[in-house]
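The next block holds one structure in the form of structure tokens; read it before the comments.
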Amino acid sequence: MEQEVILDDPIEIPHNTLSVYTFYRNERERKKVERLMNTILNRRPILVRGFFGEGKTRSAALAARGIEEIILNGDKQFIKKYGKLQIVFALPLRKLRDEVFRNYFPDCGFKLKAHDEVCPSLKQRLKQRKDYLIALAEHMKNDNCIYQKHIDNLKQAMRNNRIIVTTHTLAILPTVLSYLMKKKPLVIFDEAEDFLERISEGLHEDVVEAIKQIDEKLYKKIKRMLKKEQHKYFMRHSTLKQLLRDSVFLSATFPRVIEEYYYLLVDRELDTTWVFSIGSRPKDVMIIYRDKLLWKKYSEWKATVLTQVVEISRFAVNKYNVLGIVSRNYALTNDLQSILEKMGYRVVSDLEKDFRKKMDVAQVIIVTTKGKLYRGVNILRKGISDINVVIGFYQGSFQKEHYPLIADYLTELAGEEVFSTYVREMTYAKNLQSLYRFVRKKENRHVMILFDWRFHEAFYHFFRNKLYDEIMRVEVDDLNKVADIARQYI
């Protein structure tokens, strides 16, 4: 079984063999990345903002690589000024982690994997549909765990100053290790608001106990940084401040209330910089219904909206061969898929396990807000890297939504009203991120048909006047007229 595992052994790289310059598309990108490098080195903590598709992830990855090359080349003046930086590039999903590692850091990085990715026996237990934590506890008790080797390779990679590329959930491990190694972590969080949710979820005690069996010293350090409540460990406020003091956040929709009150959470102001792409491009069109479609009234608007979707699908598929739909929940996803399939369209939705395989021939692709594919990774197929027409349904926030860690700290330091604003901003972010799983190329013109005025509220909240620079807004008062108006722009 162990022969099936690839453990990403750290590679010794001779000096002066790397060149970030081979990655640049043009001189303009080189200047943009080098400005970002300078900003990251001298203005942390920092938030890197940019409209969707502006190239935040690519720019930050190239900036991280550029800094890494200076470190690997042993520039004495740089080392003296900045100390022993340990770069950690953290992403929300494993697939996105793999893409970033493959595209930017295959020769100078280490991919930190999760336990189940490394141990075949744990993966086998999970195939039996067991809860992850139960399977992990059984695995640590009964199986010959080989995760220790992966952790050893992580340590060696850090000694060799490799960039650690991992997920938000695992980012705390190399961060803690960097302090143990007397290094200074520089953590770059892509899709940063997702990280805020992840740290609020806490670590189950079984995970912490598993670490104890792998590395006693690391386990003790983690226990000092976390506090236990019932069966979970949560980050102490002092730990949160330490983690976020030198962080770099990448986000189109980072909560403004966190940006504003960051100094209360971390004792430092959060600096902000923007990433822009330069050059003329066509404006996208937002055709938006001037009201809100509340789910509790679904039975009242269902028939009208499904009829409108069918009509829009006819125009869009006829012209572009494919249409994207953002559904507000799986009940609506099921209804949309059912009626469009009855009309003869080839439909794929994230309700299906083989979603990606079916995308190759799909005419309608449906993604659900807060579903498995709603953010962080390009879901589109090889032949189509962008979709010109997208229909959007808005998912509101619910009273049950709660973010324990951030909630406690924000409420304690800034009050209940600030926390309520944070929840609303996270809801805005989820809806816009879902929409932009389809709208990927800024050089193309897109038509977004949005069946809820809250989309406009979300756009305006984060982008203000830039919204009108990027998008032409067409408002529709009559729900029955949305498809007729859309046809004029499709």
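Taken together, the values in this text are just the output of simple stated rules run on the coordinates, not laboratory data. Just so you know, these numbers come straight off a predicted model, no measurement behind them. Ideal geometry is used to build each Cβ from the backbone, glycine not excepted, and the neighbour counts take in all protein chains shown.
Out of all DSSP beta bridges in the chain, what portion is antiparallel? Express it as a percent rounded to 5. Of those bridges, close to 10 percent are antiparallel. Against the main long axis of the alpha-carbon atoms of the chain, helix 94-104 sits at an angle near 70°. Starting from the Cα of LYS123, draw a straight line to each of the lysines and keep only those under 24 Å, dropping any in the same chain fewer than 8 residues away. Cα-Cα hits under 24 Å: LYS95, LYS111, LYS113, LYS141, LYS149, LYS155, LYS212, LYS232, LYS353, LYS357, LYS372. Here segment 421-469 has an Rg and Dmax of 11.3, 34 Å, counting Cα atoms alone. Going through (1) 0.94; (2) 0.97; (3) 1.05, the figure that equals Rg/Rh (Cα atoms, Kirkwood Rh) as computed for the structure here is (2). With kT/(6 pi eta Rh) evaluated at 37 °C and eta = 0.692 mPa s, and Rh the Kirkwood radius from Cα pairs, segment 225-356 diffuses with a coefficient of 163 µm²/s according to Stokes-Einstein.
Relative to the longest principal axis of the Cα atoms of the chain, the long axis of helix 330-342 lies at roughly 50 degrees.
Taking other C-beta atoms within 10 Å as the exposure proxy, MET359, MET472, MET235 rank MET472, MET359, MET235 from fewest upward. Under 25 Å of direct C-alpha separation, and excluding same-chain neighbours fewer than eight residues apart, LYS466 reaches these lysines: LYS31, LYS32, LYS56, LYS283, LYS292, LYS430, LYS441, LYS442. Dividing the mean sequence gap of close Cα pairs (under 8 Å, 6+ apart) by how many residues the chain holds gives a relative contact order of 19 percent.
Counting only alpha carbon atoms, the long axis of helix 147-159 and the longest principal axis of the chain meet at about 80°.
For LEU47, the residues whose modelled amide H falls within less than 5 Å of its own, excluding neighbours fewer than 5 places apart on the same chain, are PHE249, ASP271, THR272, THR273.
Per the Debye calculation on segment 284-489 with a single equal scatterer at every Cα and no solvent contribution, log₁₀ I(q)/I(0) for q = 0.12, 0.16 Å⁻¹ amounts to -0.61, -1.06.
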